[in-house]
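The values are calculated or read from the model by the stated rules, or taken from the named source; none is laboratory data. Since we're looking at a predicted model, the values are computed, not measured. FYI the Cβ positions are ideal-geometry reconstructions off the backbone, even for glycines, and counts take in every protein chain you see. Only protein heavy atoms, including side chains, enter the accessible area calculation; ligands, DNA and RNA are left aside. Shrake-Rupley method; radii C 1.70, N 1.55, O 1.52, S 1.80 Å.
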Amino acid sequence: FWTGGIMNGTDVQVMLDVGAQGVMLGTAFLTAHESSVHTEHRRALLSSHAGPTVVTQALTGKPARALVNSWTKDLDFLQRQLPNCFNGNPAGRALATAAAKANRPDLMIMWAG
């Protein structure tokens, strides 16, 4: 199986052509018109300059991939200081809501894979 970065039918075909027996899509659905993600999150995912991602446990307590921004950098720093002890999700929900209302993508949790 292949996961991560699969955004369209061409990507699926490439993975199948190189021997994958299956392909899983997730982030691609965040970009769908029907998705409830913030416009800035959708725009960042679709941008050719989306930037790097980070896998961190700081956002939910479990490994998850997100686009790097101020919020993920700060939480990742805290998580490294307190490994397996820090979960930024409770504070993150309130901050994400406020960031979305203020149109502040630098403080939004932007899942990416």
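Evaluated over the Cα positions of the range 61-113, the convex hull gives a direction-averaged projected area, one quarter of its surface, of 3.4 nm².
For the chain, the longest principal axis of the alpha carbon atoms and the long axis of helix 89-101 meet at an angle near 80°. On average, how much area does the Cα convex hull of the chain cover when viewed from any direction, in nm²? Directional mean of the projected Cα hull area for the chain stands at 7.7 nm². At a 1.4 Å probe, what is the % contribution of carbon and sulfur to the accessible area of the chain? Roughly 57 percent of what the probe reaches on the chain is carbon or sulfur. Taking the Cα centre of the range 61-113 as origin and assigning +1 to Lys and Arg Cβ atoms and -1 to Asp and Glu Cβ atoms, the resulting dipole is close to 100 debye.
Protection proxy ranking for 56-62, 89-95, 41-47, using the average of other Cβ atoms within 10 Å per residue and placing the highest first: 56-62, 41-47, 89-95. Between 0 and 90 degrees, the angle of helix 70-81 with respect to the longest Cα principal axis of the chain falls at about 80 degrees. Select from P83, S47, T27 the residue farthest towards the positive end of the dipole of the chain; place +1 on Cβ of Lys and Arg, -1 on Cβ of Asp and Glu, and compute about the Cα centre. Working it through, the farthest residue towards the positive pole turns out to be P83.
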